[in-house]
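Please read the structure below before turning to the comments.
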Amino acid sequence: MILQVKDLITRFYSVDGVVYALNGVNFALNAGETLAVVGESGSGKSVTMMSLLGLIPQPPGKIEGGQAFLFENDKPQDLLKLSERQVRRVRGGQIGFIFQDPISSLNPTMTIGKQIAESMIEHLSLSQSDARKRTVDLLKEVGIADADRRFDSYPHEFSGGMRQRVMIAIAVACQPRIVIADEPTTALDVTVQAQIIELIQRLQKQLGIAVIWITHDLAVVASMADRVLVMYGGTVVEDALVEDLFDNPQHPYTIGLLKAIPGATGLGEERLESIEGSPPDLLRELTSCPFAPRCQFVFDQCWAKLPPLISVTKHHRAACFYDVENEIPRKEVEHG
Amino acid sequence: MADNNVLVRVKNLKKFFPIKQGVIFNRQTIQVKAVNDVSFEIKQGETLSLVGESGCGKSTTGRAVLQLHKPTSGQVLYEDQDLTTLSEGELRALRPKIQMIFQDSIASLNPRHSVRKIIGEPLVIHNVGTAKTIHNRVVELMELVGLNPKWMKRFPHEFSGGQRQRINIARALALNPSFVVCDEPISALDVSIQAQVVNLLKDLQQQLGLTYLFIAHDLSMVQYLSDRVAVMYLGKVMELADKRTLFSDPLHPYTQSLMSAVPLPQPKLERKRKRIILQGEVPSPSNAPSGCVFHTRCPLAIDRCTTDVPEYRQIHLGHSVACHLVDDQQSSIIPTRLNSK
Ligand SMILES: Nc1ncnc2c1ncn2[C@@H]1O[C@H](COP(=O)(O)OP(=O)(O)O)[C@@H](O)[C@H]1O
Ligand SMILES: Nc1ncnc2c1ncn2[C@@H]1O[C@H](COP(=O)(O)OP(=O)(O)O)[C@@H](O)[C@H]1O
Ligand code: SF4
Ligand code: SF4
Ligand SMILES: [Mg+2]
Ligand SMILES: [Mg+2]
């Protein structure tokens with residue numbers, strides 16, 4: 001285990017009121033694995049990762065609870081307790097990140113070579129010339145043709161797919177142990193998506209990086225994840241190995257999602273089953289199961305409190321009071 | 001002789017956008033060949049989908065078919081009437097029958113108008129009925145698309161993305177169209193909501209006998225809801241076939257690569273799957289490659305492909321392909337089956 005997040009609570013004090021964005025997020029990341037995070041927009045995927053990286057704008061945001069341990073030589077360090085300076089060292093150092101929209105995370109006025117080289121100089125204490133040399137190698141590695149010359153290009157001179165390659169180069173430049181990729185292919189065409197997935201997987205193997213991959217596309221999850229977190233209403237509602245999740249989903253929301261997409265349950269000819277209703281209103285504090293208003297299995301207990309994330313089988317956890325398979329309420333088991 | 005089952009017949013449709021390039025003294029106009037000689041037919045009551053990477057001309061085709069863009073050349077026959085030759089007035093009279101639903105539900109709805117006004121607007125514009133009958137029709141339409149008529153005084157921002165798309169659909173259906181172009185109507189929606197809207201579109205098609213031209217980039221959704229599929233690349237149709245044939249036996253290298261790139265929501269299958277990964281990105285349509293427009297990325301290109309434009313022709317009934325390597329004996333060209341179904 002290299003990262004463990006416990007009961008993370010993040011809120012935004014906006015003009016419309018308090019946005020209860022994260023309501024106790026729990027998960028762990030193992031060395032070298034690919035952890036996919038799925039969930040509809042607003043379910044808290046980005047806010048979770050931004051909370052870890054110290055990127056929540058405060059105000060209006062506030063991290064109000066929880067811990068996020070980064071393990072180094074088994075020595076845990078709580079990311080949420082670090083100073084601004086210490087977080088900066090982790091960000092781009094031990095943890096690299098890639099966002100959906102590379103243009104907004106790249107500095108438009110600085111050549112991309114310089115942006116990569118600077119972070120190498122900062123995090124790895126390289127000299128100017130070493131940093132340049134390594135940057136050119138890295139640009140080649142991520143598939144930028146004519147890397148020597150492209151070193152001096154500005155972000156706007158690259159296409160969407162190429163910019164994402166530059167982002168990837170920046171993310172892995174300082175030999176991180178973790179790369180967090182937030183919907184890195186959502187804005188790209190499928191053919192370019194396939195290129196980017198292949199690239200990240202190759203680098204991951206070469207460098208032994210653990211990847212957290214946020215997406216809303218279950219097919220992408222199926223194609224590249226080892227393990228999956230399903231988020232809903234600012235909580236993790238299911239956590240399972242990828243094959244388990246698709247073969248044996250435990251949470252009613254996950255079950256619904258798999259029936260709502262073509263091809264997951266059969267040949268893609270049967271009628272899709274939609275999940276009626278819409279995602280929860282995060283302007284209210286969660287005091288019951290966030291999925292209760294849309295859940296076909298809802299019963300008394302679901303309205304009484306928030307279901308904890310409990311172990312269903314060895315590597316499979318779900319936050320639901322109901323055992324859908326056996327059609328009975330679940331016995332409360334130990335947390336964890 | 002016209003097949004009387006065909007509702008829309010598109011023949012050699014072209015839409016070029018002139019754009020000015022260069023600095024003041026060196027000005028030149030170049031043509032963006034967004035749609036470059038596209039032909040297809042849509043049968044009464046069916047769904048023909050247009051797929052392909054962004055920028056390949058899907059939306060422009062949809063708009064040119066509806067005459068929202070004036071075609072550069074070519075014909076669009078609707079019930080054997082050539083829309084490209086109609087006057088403004090004639091087109092206006094026909095407009096109720098041919099409608100469009102857009103991807104971006106928020107941009108296509110006036111934020112200052114109530115839902116009642118938005119859905120009733122086409123009826124007012126086309127002068128159909130009195131205030132009372134229009135009101136009743138709005139109630140009927142809202143019920144039809146699964147919106148509570150009690151909400152008709154609300155404004156677009158008070159609705160979720162899925163509900164806004166229902167408002168769009170209701171408006172498109174206000175005048176009882178026969179033919180609807182749906183331009184990525186679910187792309188901006190969450191997964192759980194996409195199924196709601198797709199099912200609604202399917203139900204409405206059955207109920208009202210609608211004919212759809214469905215533009216999309218999500219191939220699995222296309223497989224779910226289409227009858228036939230046309231694959232576009234750089235302004236041209238590369239392959240067109242009925243859904244089953246196209247997904248099980250794609251002949252064009254581009255179709256095969258595209259399908260190979262699409263992940264399937266089945267981890268076990270994905271683990272075993274070999275992908276053909278296309279290199280590079282789609283070139284600009286203002287400077288399309290010579291010969292076969294796909295040759296710069298085609299894994300199978302031969303010399304001829306850089307000079308000769310492959311003829312788009314029927315290989316067998318209902319299955320057309322534009323590729324030099326596909327011969328009439330329906331041989332598949334890429335030896336390994338790409339879509340491991
Ligand atoms: N700066 C902000 N101010 C107010 N609310 C915010 C802010 N950033 C995120 N949120 C809210 O937090 C919730 C979770 O958002 P996010 O993590 O971005 O969702 P996801 O990435 O899963 O789509 C949403 O309701 C969002 O509106
Ligand atoms: N009004 C316009 N003026 C100039 N170029 C345009 C215009 N509309 C579309 N294009 C260009 O035509 C090509 C096809 O665009 P479009 O039909 O929107 O593709 P798609 O819908 O498949 O993504 C693109 O290169 C686009 O930039
Ligand atoms: S806790 Fe209750 S409402 Fe929530 S998902 Fe489980 S059964 Fe449904
Ligand atoms: S004509 Fe040539 S370049 Fe075009 S698809 Fe066929 S083999 Fe490839
Ligand atoms: Mg997000
Ligand atoms: Mg488009």
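The values are calculated or read from the model by the stated rules, or taken from the named source; none is laboratory data. For clarity, every value in this text was computed on a predicted model and none was experimentally measured. In this analysis, Cβ positions are derived from the backbone assuming ideal geometry, glycine residues included, and neighbour counts consider all displayed protein chains. In case anyone asks, the SASA skips ligands and DNA or RNA and just uses the protein heavy atoms, side chains included. Shrake-Rupley method; radii C 1.70, N 1.55, O 1.52, S 1.80 Å.
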Failed condition for A:S105, given (1) at pLDDT 90 or above; (2) within 29 Å of A:I197 (Cβ to Cβ); (3) under 23 Å from the mean Cα position of the chain (by Cα), with all others met?
-> (1)
Consider A:D137 against the criteria (1) under 25 Å from A:S159 (Cβ atoms); (2) within 27 Å of the chain's Cα centre (by Cα): it satisfies all of them except one. Which criterion is unmet?
-> (2)
Within the stretch B:237-252, track down each residue that is more than 9 Å from chain A (Cβ to nearest Cβ), surrounded by fewer than 24 Cβ atoms within 10 Å (Cβ to Cβ) and either assigned to a strand (DSSP E or B) or of a type in the set (F, W, Y) (or both).
-> B:D242
Hey, B:L68 away from every other protein chain (no Cβ under 14 Å), more than 16 Å from ligand 5 (Cβ to nearest atom), outside any loop (DSSP other than H, G, I, E, B) and hydrophobic (A, V, I, L, M, F, W, C) or not = no
Selected residue (criterion: nearest to the chain's Cα centre (by Cα)) from residues of the stretch B:111-143 that are open to solvent by 50 Å² or more (accessible area, probe 1.4 Å), within 27 Å of B:D190 (Cα to Cα) and in contact (Cβ under 8 Å) with a residue 12 or more places away in the chain | B:P111
Lone qualifier among B:Q256, B:Q196, B:Q207, B:Q223 - being in a helix (DSSP H, G or I), under 15 Å from the mean Cα position of the chain (by Cα) and of a type outside the set (G, A, S) = B:Q223
Selected residue [charged (D, E, K, R), more than 16 Å from the chain's Cα centre (by Cα) and either in a loop (DSSP other than H, G, I, E, B) or away from ligand 5 (no atom under 16 Å from the Cβ) (or both)] from B:K33, B:K14 = B:K33
Those residues of the stretch B:197-214 which are open to solvent by 20 Å² or more (accessible area, probe 1.4 Å) and within 14 Å of another protein chain (Cβ to nearest Cβ), in sequence order | B:K202, B:D203, B:Q205, B:Q206
Is it true that some residue in the stretch A:157-164 is in a helix (DSSP H, G or I), among the aliphatic types (A, V, I, L, M) and away from ligand 1 (no atom under 16 Å from the Cβ)?
-> yes
Among A:E276, A:E238, A:E270, the single one that is modelled with pLDDT of 95 or more, closer than 26 Å to A:E325 by Cβ and among the charged types (D, E, K, R) is A:E238
Identify, by number, the condition in (1) within 14 Å of chain A (Cβ to nearest Cβ); (2) surrounded by fewer than 24 Cβ atoms within 10 Å (Cβ to Cβ) that B:T255 doesn't meet.
-> (2)
Quick one: how many residues across the stretch A:89-113 are closer than 26 Å to A:Y20 by Cα, of a type outside the set (G, A, S) and either open to solvent by 40 Å² or more (accessible area, probe 1.4 Å) or not in a strand (DSSP E or B) (or both)?
-> 5
Those residues that are closer than 17 Å to A:Q250 by Cα, aliphatic (A, V, I, L, M) and within 14 Å of another protein chain (Cβ to nearest Cβ), I need them from the stretch A:270-307; list them, please.
-> A:I275
Taking the stretch B:39-80 and keeping residues closer than 23 Å to B:Q103 by Cβ, touching a helix residue (DSSP H, G or I) at 6+ places or on another chain (Cβ under 8 Å) and of a type in the set (S, T, N, Q) leaves B:T47, B:S49, B:Q67
Looking across the stretch B:73-89 at residues that are modelled with pLDDT of 95 or more and in a helix (DSSP H, G or I), the single one that is surrounded by the fewest Cβ atoms within 10 Å (Cβ to Cβ) is B:T85
Out of A:L70, A:L53, A:L106, A:L80, sole residue that is touching a strand residue (DSSP E or B) at 6+ places or on another chain (Cβ under 9 Å) and closer than 30 Å to A:V136 by Cα = A:L53
Pick out the one residue from A:V230, A:V237 that is surrounded by 23 or more Cβ atoms within 10 Å (Cβ to Cβ), under 30 Å from A:R163 (Cα atoms) and within 16 Å of ligand 3 (Cβ to nearest atom).
-> A:V230
How do the pairs read when you match residues in the stretch A:283-298 that are more than 16 Å from ligand 2 (Cβ to nearest atom) with residues anywhere that are among the hydroxyl-bearing types (S, T, Y) and open to solvent by less than 50 Å² (accessible area, probe 1.4 Å), using Cβ under 6 Å and keeping only pairs 6 or more apart or on different chains?
-> A:E285/A:Y20; A:P290/A:Y232; A:F291/A:Y232; A:F291/A:Y253; A:F297/A:Y322
How many residues are farther than 17 Å from B:E270 by Cα and among the aliphatic types (A, V, I, L, M) when one looks only at the stretch A:200-226?
-> 7
Output for the stretch B:272-286, where each listed residue is loosely packed, with under 12 Cβ neighbours inside 10 Å and either over 27 Å from A:S159 (Cβ atoms) or more than 14 Å from chain A (Cβ to nearest Cβ) (or both) | B:K272
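For the stretch A:219-231, enumerate the residues that are in a helix (DSSP H, G or I) and of a type outside the set (V, I, T).
Within the stretch A:219-231, A:A219, A:A222, A:S223, A:M224 qualify.
Scan the stretch B:175-193 for residues that are among the polar types (S, T, N, Q) and either assigned to a helix (DSSP H, G or I) or in contact with a helix residue (DSSP H, G or I) (Cβ under 8 Å, 6 or more places away or on another chain) (or both) and jot them down. Walk me through how you get there before you give the answer.
So in the stretch B:175-193, the residues among the polar types (S, T, N, Q) come out as B:176, B:178, B:187, B:192.
Correct list: B:N176, B:S178, B:S192.
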First in the stretch A:225-244 and within 11 Å of chain B (Cβ to nearest Cβ) and among the polar types (S, T, N, Q), second anywhere and outside any helix (DSSP H, G or I) and open to solvent by 10 Å² or more (accessible area, probe 1.4 Å), Cβ under 7 Å, 6 or more apart | none
Filtering the stretch A:198-218 for residues that are surrounded by fewer than 23 Cβ atoms within 10 Å (Cβ to Cβ) and either in a strand (DSSP E or B) or within 8 Å of chain B (Cβ to nearest Cβ) (or both) leaves a count of 4
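Residue-by-condition table, conditions (1) within 14 Å of chain B (Cβ to nearest Cβ); (2) within 17 Å of A:Q206 (Cβ to Cβ); (3) under 26 Å from the mean Cα position of the chain (by Cα):
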residue: A:Q128; (1), (2), (3): no, no, no
residue: A:R132; (1), (2), (3): no, no, no
residue: A:G143; (1), (2), (3): yes, yes, yes
residue: A:P155; (1), (2), (3): no, no, yes
Could you please find all residues in the stretch A:73-115 being within 16 Å of ligand 5 (Cβ to nearest atom) and in contact with a Ser or Thr (Cβ under 7 Å, 6 or more places away or on another chain)?
-> A:F99, A:Q100
Can you tell me which residues in the stretch B:166-185 are more than 15 Å from B:P122 (Cα to Cα), open to solvent by less than 10 Å² (accessible area, probe 1.4 Å) and either free of Cβ contacts under 8 Å to residues at least 40 places away in the same chain or more than 16 Å from ligand 6 (Cβ to nearest atom) (or both)?
-> B:F179
